[in-house]
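To keep things clear, I will list the structure first and then write my remarks on it.
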Amino acid sequence: PEYAKQYSDSAYKQIEKGLTTLQDTSDPTKRSRAATNILMLAAALRDARMVDLAVKAISAKEPPIRYWAVRVATDPNLWAKLRENQATADQTAAKILAEFNQVAAASTPEVQAMMSGFAGPINTPAASDLLTLIADTRIKQYGDWTVRFELADVTILRQLSEKIVAGDAAKSQLAKRFAQLYSFAIQRYVKGLTFGVLRDQAKDYVATVLI
C-alpha cells in the first residue's frame, strides 16, 4: 500500500539522519543509548534497506551499538528480500564480511555467534576467514580461561562443521579449528567438574556445546 511505503521511506530517512547526526555527538553514553535505540527501531521495521544503514554502525566500539548493527545486518527476514536481487545481495554480503573481519576478534560472543551464522552458508574466502578468526579468538579465550557465554560455540562449531562437510576450500584449516575449539570445550567442562570452578550456568552452557 502507498501509505506503508511512505511510512517506510520516511522512517528510513529519519534513521539515516539520526545515525549520521550521532557521529558528531561527543557524549559516548548519549551516543550509545541513542544509536542503540535507533538500530532497534530499524530491526523492527523489516525494511531491507536498513541493512546498508546497519553496516555503517558495525565498527562502533560500543557493544550495544555493534550488537544491534550486526543483528540488523544479518536479519534472515531482510536477507530473504535482498536475495531477490542476487547480484546486490552478493555485493552487500561481501561488504558485511569485510566489516566483520575487522571487528570480530574484539566483539562479544553473542555477536560472534551472529557473525558465524551469517558467514556459514556463504562460499567465499572472506566467510571462511571470518569463521577461522572467530574460532581462533574463542580458542585463545578458552586457553586463557577468560571465555564467557560458551553457548555461542554451538553456532560457531556448527558453522565450521557444515563448511567442512560442504568441502570448503579452506576445510583443512576449518577442521583444525573445529577440533581445537571442541577439545577446549571438553577440557573446560572436565576441569569445571573436577575443581568446581564453573558456575552452574557455565556448566550448562558447556554441556550444551558438547551434546
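The values are calculated or read from the model by the stated rules, or taken from the named source; none is laboratory data. Remember, predicted model here, so these are calculated numbers, not experimental data. A quick note on method: Cβ atoms are made from the backbone with ideal geometry, for glycine too, and the neighbour counts reach across all protein chains shown. These accessible areas exclude ligands, DNA and RNA; they are computed on the full protein's heavy atoms, side chains included. Shrake-Rupley method; radii C 1.70, N 1.55, O 1.52, S 1.80 Å.
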statement: P(r) over all Cα-Cα pairs of the range 1-72, 5 Å bins from 0 to the longest distance, whole percent per bin, short to long, reads 3, 18, 30, 25, 13, 6, 3, 1, 0
message: Helix-only estimate, please: 222 nm mean residue ellipticity of the chain, summing -39500 (n - 2.57) across DSSP H runs of length 4 or more and dividing by its residues, to the nearest 500.
response: -25000 deg cm²/dmol
- request: Would you mind putting 179-191, 10-22, 149-161 in packing order, based on average other-beta-carbon counts within 10 Å, highest first?
  value: 149-161, 179-191, 10-22
query: How big is the shadow of the Cα convex hull of the range 94-146, averaged over all directions, in nm²?
result: 3.3
message: For the pair R148/A126, report the inter-label distance in nm, with labels modelled 7 Å from Cα in the Cβ direction.
response: 3.0
- prompt: Per 10 Å bin from zero, what fraction in whole % of the C-alpha pairs of the range 53-115 is there, up to the bin with the longest pair?
  reply: 23, 56, 20, 2
field: Under 17 Å from the Cα of K30 - aspartates and glutamates, other chains or at least 8 residues apart
entry: E62
- request: Please give the net charge around R188, taking every other residue with its beta carbon less than 15 angstrom from that of R188, where Lys and Arg add +1 and Asp and Glu add -1.
  value: +1
field: Cβ crowding within 10 Å averaged over residues, with 40-51, 76-87 ranked highest first
entry: 40-51, 76-87
message: Students often get this wrong: which residues of the range 131-149 have the backbone nitrogen under 20 Å from the point 7 angstrom along Cα-to-C-beta of S172?
response: 131-133, 135-136
field: Net charge of neighbours whose Cβ lies under 15 Å from the Cβ of R49, counting Lys and Arg as +1 and Asp and Glu as -1
entry: +2
statement: Mean accessible area per residue over the range 115-192 (1.4 angstrom probe, all protein chains present, square angstrom) is 46
field: Under 16 Å from the Cα of K176 - lysines, other chains or at least 8 residues apart
entry: K140, K163
field: Apportionment of accessible area to carbon and sulfur, the chain, percent (1.4 Å)
entry: 55
message: If you take every residue apart from Q173 with its C-beta less than 12 Å away from the C-beta of Q173, what net charge results, scoring Lys and Arg +1 and Asp and Glu -1?
response: +1
Efficiency of FRET from Cβ geometry, Y182 and N37, R₀ 35 Å, rounded to 0.05: 0.35
- prompt: In nm², what is the average projected area of the convex hull enclosing the Cα atoms of the range 1-126?
  reply: 7.9
